[in-house]
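Just so you know, all these numbers are worked out from the coordinates, no wet-lab data involved. Keep in mind it's a predicted model, so treat the numbers as computed, not measured. Here Cβ is always computed from backbone atoms with ideal geometry, including for glycine, and neighbour counts include all displayed protein chains.
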Amino acid sequence: MIAIDLRTRVAGLDMPNPTMLASGILGTTADILREAANAGAGAVVTKSVGLKPREGYPNPTVIQVECGFLNAVGLPNPGIRKFVDEIRGLRDLKVPLIVSVFGFSPKEYAEAARLAVEAGASAVELNLSCPHVKGTGAEIGQDPQTVKLIVKAVKSRVNRPVFAKLTPNTSSISNLAEAAVLAGADAITAINTVRAMAIDIETFRPILANKFGGLSGAAIKPIAVRCVYEIYEAVNVPIIGCGGIRDWRDAVEFMLAGACAVQIGSAIALEGLSIFKKICDGISKFLERKGFRSVNEIVGLAHKK
Amino acid sequence: MRLLGWHIKNNMLRVVKILDIKTENPSVKTLFFRDEMCSSAGPGQFIMVWIPGIDEIPLSISSTRPEGSSSITVAEVGEATKALTRLNIGDLIGVRGPFGSSFKVTDGRALVIGGGTGMAPLMMLINRLVEENVEVTVIEGAVDSSKLIFTEELKALSENYGVRVFFTTEDGSYGVKGLATNLAKKLLRRERFNMIYTCGPEKMIRKVYNMARYYSVELQTSLERYMRCAIGICGSCTIGKYRVCTDGPVFDMVRLREIEKYLGAYRYNERGEKVPI
């Protein structure tokens, strides 16, 4: 038997396997990020951090619908100046630490990214896609020109890889990807949650305190696969797939669409942190059965004419 | 085609009617409602309670009855709990859960130490321990007599099942004057217990933890942290490497030792800032 090689390189970051902890999932403290890495994640992404502390929205912030979860947490975070303590607490982490940052202007993104890298982040992921906070995330990430300005501002301040996490709440995600890459983005993460809503019929009220939120989980997987496929046709940088991945089949599907790594989020609620190892084992067996030796060989295979 | 269930059964939101309300003391009420999943909760498990238009907060289940009703016992401390205590019979609340770990029933002799509404999960536990013929000693502590809860139930358990019950108040207005932990220390010095169960203010829990270490007694405690999702993904309620919502809320001695540096010392607030307790 030939050993299957799961090692992946994303924009210069060496990962022992292609699974990553998605942003917004756990990712709040050094201890819990380390726990995800110990459980087998090939890289971990922090919860999004901005320049200033934010409380987020009142509860309910995370609820369950038929086909996934709906959340409007509202980007609570202690501000990057405090969060650097958590980043510094991970200096000895064995896998890449990617710090997700957001801002209300290109300058704010750049400053948060600079402080994150200074504290030891292996890379930054720009949250251009949170669908439920005014003035940041998807609201500004839907406009290719703004995406360009933000990526440019960040690239001019940091010397580590910059990932742009894009929103599916747009008419053309590949236009956004092209804008990000033109401005220097080293990789694209796709997708963030899809703007959505749920109403309780007994009390006649929207359930989320913020009324609108982002849908994750099974419902959005086909949307995410389509987005990754389109982006792969449009740009030439690594793509990190995200959206409804629960098992190795889902991960393989994203890779065939063009993702060289996958992020796992909501499914942790169902499978626990052992999900990373389970998905890796499943991918290995699949590769072996299909006669591949490295996980990199299947990236984008669905595009073959 | 794989049709995987992409949901957690207990996590579906159910909207239920308040069937009965009991006033425990001037600031604490117990609300009764009917929900099948909640009525199967173990002692120590919690639910997320949605007060439409206000907030959603975690609360321990304080009792379950075989006919399908359950209760939560809530003290007025903030906006959400105040709104809950002002609800009337027939009003609607949402519930998700039950979530998390339960207290495990011990053999032999148990010492239960509760402070404030920390008594809510412990009351359910005490009833379970009595059912399982465990020899139970209860110490309930409060600032003054007006803050004690479940006094009637505990007295009834004492008379009918021989549960040894002590009340302590800091001002001596009821029971033994002083802190629950001081009385606990006296008992631990001269008696042998197989298990300590505690819930209440975390400073009190920390003292109990230190005593349990000192006297080499096993301990189970229910901890509290700011909570959002209750299903182990949002990262709001972490304590060290654990999530209170899924790894807890009940922690045993093995795990408590791993998170010792946080216990009674630090927590992360709504913004994710590490703050002293």
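Within the listed set A:Pro60, A:Pro161, A:Pro76, the Gaussian network model of chain A (springs between alpha-carbon atoms below 10 Å) gives the highest mean-square fluctuation for A:Pro60. Overall shape: rounded for chain A, with the ratio a/c of the largest to smallest alpha carbon gyration tensor axis below 1.5. Shielding of peptide B:222-232 by partners, expressed as the average count of other chain Cβ atoms within 10 Å per residue Cβ, is 4. In this label model, A:Asn236 and A:Ser172 are separated by 2.0 nm, measuring between points 7 Å along each Cα→Cβ vector.
Taking a ≥ b ≥ c as the square roots of the eigenvalues of the alpha-carbon gyration tensor, region B:109-276 is classed prolate because a/c is 1.5 or more and a/b outweighs b/c.
Averaged over the residues of A:155-163, the number of partner chain Cβ atoms lying within 10 Å of the residue Cβ comes to 0. Once you have a ≥ b ≥ c as the square roots of the Cα gyration tensor eigenvalues for region A:1-45, tell me rounded if a/c is under 1.5, and otherwise prolate or oblate according to whether a/b is larger than b/c. Judged from the Cα gyration tensor, region A:1-45 comes out prolate (a/c at least 1.5, a/b above b/c). Put in line by how crowded their Cβ is, counting other Cβ atoms within 10 Å and starting with the fewest, B:Ser40, B:Ser102 read B:Ser40, B:Ser102. Free of any GluC sites (Glu not before Pro) that DSSP assigns to a loop and that have at most 16 other C-beta atoms within 10 Å, the longest stretch within chain A is A:67-201. For a modelled paramagnetic label at A:Lys52, 7 Å from Cα along Cα-to-Cβ, the residues of region A:68-89 in reach, with backbone nitrogen under 18 Å, are A:74-83. Structural descriptor for chain A: relative contact order 19 percent, calculated from alpha carbon pairs under 8 angstrom and at least 6 residues apart.
Among the trypsin sites (Lys or Arg not before Pro) found in region A:15-93, those both in a DSSP coil and sparsely packed, with 16 or fewer other Cβ atoms within 10 Å of their Cβ, are A:Arg91. Relative to the longest principal axis of the Cα atoms of chain B, helix B:119-131 runs at roughly 70 degrees. The trypsin sites (Lys or Arg not before Pro) of region B:1-54 meeting both criteria, a DSSP state outside H, G, I, E and B (loop) and at most 10 other C-beta atoms within 10 angstrom of the site's C-beta, are B:Arg2. Given springs between every Cα pair under 10 Å in a Gaussian network model of chain A, which of A:Gly272, A:Gly213, A:Gly241 has the largest fluctuation? Checking each option, the largest mean-square fluctuation is seen for A:Gly272.
What's the angle, to the nearest 10 degrees (0 to 90), between helix B:151-161's Cα axis and the longest principal axis of chain B? Approximately 70 degrees, to the nearest 10.
Counted by neighbouring Cβ atoms within 10 Å, the residues A:Arg205, A:Arg246 run from fewest to most as A:Arg205, A:Arg246.
In this structure, the pairs whose alpha-carbon distance is over 18 Å, taken from A:Lys82/A:Lys155; A:Lys94/B:Lys261; A:Lys277/A:Lys304; A:Lys52/B:Lys274, are A:Lys82/A:Lys155; A:Lys94/B:Lys261; A:Lys277/A:Lys304.
Relative contact order, whole percent, for region B:109-276 stands at 19, derived from Cα pairs under 8 Å and 6 or more residues apart.
The label-point distance for B:Lys177 and B:Leu92, in a model that sets each label 7 Å from Cα toward Cβ, rounds to 5.3 nm.
The trypsin sites (Lys or Arg not before Pro) of region B:92-193 that meet both conditions, a loop assignment by DSSP and at most 14 other Cβ atoms within 10 Å of the site Cβ, are B:Arg192.
Extension gain for A:Arg226-A:Asp14 works out to 73.7 nm (0.36 nm per residue, less the C-alpha to C-alpha distance). Need one number: % antiparallel among DSSP beta bridges in region B:109-276, to the nearest 5. Counting only bridges with both partners in region B:109-276, antiparallel ones make up about 25 percent.
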